[in-house]
1. If I filter segment 37-64 down to residues being touching a helix residue (DSSP H, G or I) at 6+ places or on another chain (Cβ under 6 Å) and hydroxyl-bearing (Ser, Thr, Tyr), which single residue comes out as modelled with the highest pLDDT?
2. If Met142 satisfies all but one of (1) touching a Gly at 6+ places or on another chain (Cβ under 9 Å); (2) under 20 Å from Pro46 (Cβ atoms), what's the number of the condition it fails?
3. Name the helices (runs of 4 or more DSSP H) wholly within segment 65-124 that hold at least 1 residues that are farther than 20 Å from Ala47 by Cβ and at pLDDT 95 or above?
4. Between Gly82, Gly58, which is more than 14 Å from Glu156 (Cα to Cα) and assigned by TED's automatic domain parsing to the domain that holds Asp140?
5. Gln135 fails exactly one of the following numbered conditions: (1) over 21 Å from Arg44 (Cβ atoms); (2) of a type outside the set (Gly, Ala, Ser); (3) not in a loop (DSSP other than H, G, I, E, B). What is the number of that condition?
Amino acid sequence: MIRQRPVLSAAIAAASAFALSYSVATLAEDMVSFATAGYASGLRTPAMMHKIDTDGDGTVSREEWMTFQGKVFDMLDKDHSGKLDAKEFISKSGAELNGIATGGFARGLQTAAMMHKIDTDGDGTVSREEYLAYQGKVFDMMDTSTTHKGTLGKEEMLATGGANRAP
């Protein structure tokens, strides 16, 4: 029985390592699958940060984020129904958001893939509630700072590596 313990310990260690690597890989896939690359790259720019940072303090608060996202939804909701169908949501040019967003953000957001990700009930439309809930999750995923929780600094908004995070 003494000889079986090292084998058992090694088997447990191997299984634990596999489970940990699998869960980390799954988490990474979940993060990647949450938004399209076009949306993420269009969002994480100095120009977009400047448009969302309405008080000019160099950070984006959750309130500023959600207010901006509400304006985006309202501009897309041409018929004021509280729901976006594919005709309202999807656009190759992103011209519907001229003035409040960059073209890269608009083109990244207004895709069939993003509509599918945001349409959580699968009814083929994006309600205001679905849109804002999704954008709240995006904010939460970006809000990684330990020094200014609840706001996005340049490090979080522009994905420069989180230089303001505690070691």
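1. Step by step, filter segment 37-64, then rank; the result is Thr54.
2. Here Met142 meets the rest and fails (1).
3. Details: elements: 86-89, 103-109, 112-118.
Helices (runs of 4 or more DSSP H) meeting the threshold: 86-89, 112-118.
4. Working: Gly58 fails: more than 14 Å from Glu156 (Cα to Cα).
None of the other options fit; the residue is Gly82.
5. Of the numbered conditions (1) over 21 Å from Arg44 (Cβ atoms); (2) of a type outside the set (Gly, Ala, Ser); (3) not in a loop (DSSP other than H, G, I, E, B), the odd one out for Gln135 is (1).
Yes/no matrix, rows are residues, columns are (1) of a type outside the set (S, T, N, Q); (2) within 24 Å of Lys154 (Cα to Cα):
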{"position": "Ser41", "(1), (2)": "no, yes"}
{"position": "Met49", "(1), (2)": "yes, yes"}
{"position": "Thr54", "(1), (2)": "no, yes"}
{"position": "Gln69", "(1), (2)": "no, yes"}
{"position": "Gly124", "(1), (2)": "yes, no"}
{"position": "Glu129", "(1), (2)": "yes, no"}
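The values are calculated or read from the model by the stated rules, or taken from the named source; none is laboratory data. Not measured: the values here are computed from a predicted model. Note that we place each Cβ from the backbone using ideal geometry, even for glycine, and neighbour counts take in every protein chain shown.
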